[in-house]
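Novice: Input: one structure, supplied below.
The values are calculated or read from the model by the stated rules, or taken from the named source; none is laboratory data. Here the structure is a predicted model, which means the values were calculated and not measured. All Cβ positions, glycine included, derive from the backbone under ideal geometry; neighbour counts span all protein chains shown.
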């Protein structure tokens, strides 16, 4: 009985912890940053969710927006930089999760650029565990 109660307590405590996208969601993007945090974008069909924070604990930031409020930038097939992003607005803040590849230097760079009031801060992924399914996502084009 005590074992069952302890198991239930652990399940309840873990529900607020940062986890991979739910089974009903598609992972659009996920990576670990150079500072050990996780950037994740999940697609539930009618909404896009951005989260950021340490693994195994409640995320520091969670933003869920209706699909029609989120935009994307897709590489147009010209130039050496193959750049893709998903842009999640939250008031005057925009979280732009990106995946880019330099076809000449053959280097990949991924992360999130956060724009607040005209100021831009970028947090990069460590490059070891990136999952990027941004290419071809069906969202409004960014202006």
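Novice: With respect to residue 90, determine if the residue is more than 17 Å from residue 42 (Cα to Cα) and either in contact with a helix residue (DSSP H, G or I) (Cβ under 9 Å, 6 or more places away or on another chain) or at pLDDT 95 or above (or both). Steps first, answer last, please.
Specialist: On the way: more than 17 Å from residue 42 (Cα to Cα): no; either in contact with a helix residue (DSSP H, G or I) (Cβ under 9 Å, 6 or more places away or on another chain) or at pLDDT 95 or above (or both): yes.
So residue 90 fails the test.
Novice: Another question, then. How many of the residues making up the stretch 44-55 are touching a helix residue (DSSP H, G or I) at 6+ places or on another chain (Cβ under 8 Å) and either under 13 Å from residue 30 (Cα atoms) or touching a residue at least 24 places away in the same chain (Cβ under 8 Å) (or both)?
Specialist: Start the filter on the stretch 44-55 by keeping residues that are touching a helix residue (DSSP H, G or I) at 6+ places or on another chain (Cβ under 8 Å), which leaves 45-48.
Checking the rest, the ones that are also either under 13 Å from residue 30 (Cα atoms) or touching a residue at least 24 places away in the same chain (Cβ under 8 Å) (or both) come to 48.
Result for the stretch 44-55: 1.
Novice: Looking at the stretch 101-122, is at least one residue under 16 Å from the mean Cα position of the chain (by Cα), touching a residue at least 12 places away in the same chain (Cβ under 8 Å), in a strand (DSSP E or B) and within 15 Å of residue 43 (Cβ to Cβ)?
Specialist: No, the stretch 101-122 contains no residue that is under 16 Å from the mean Cα position of the chain (by Cα), touching a residue at least 12 places away in the same chain (Cβ under 8 Å), in a strand (DSSP E or B) and within 15 Å of residue 43 (Cβ to Cβ).
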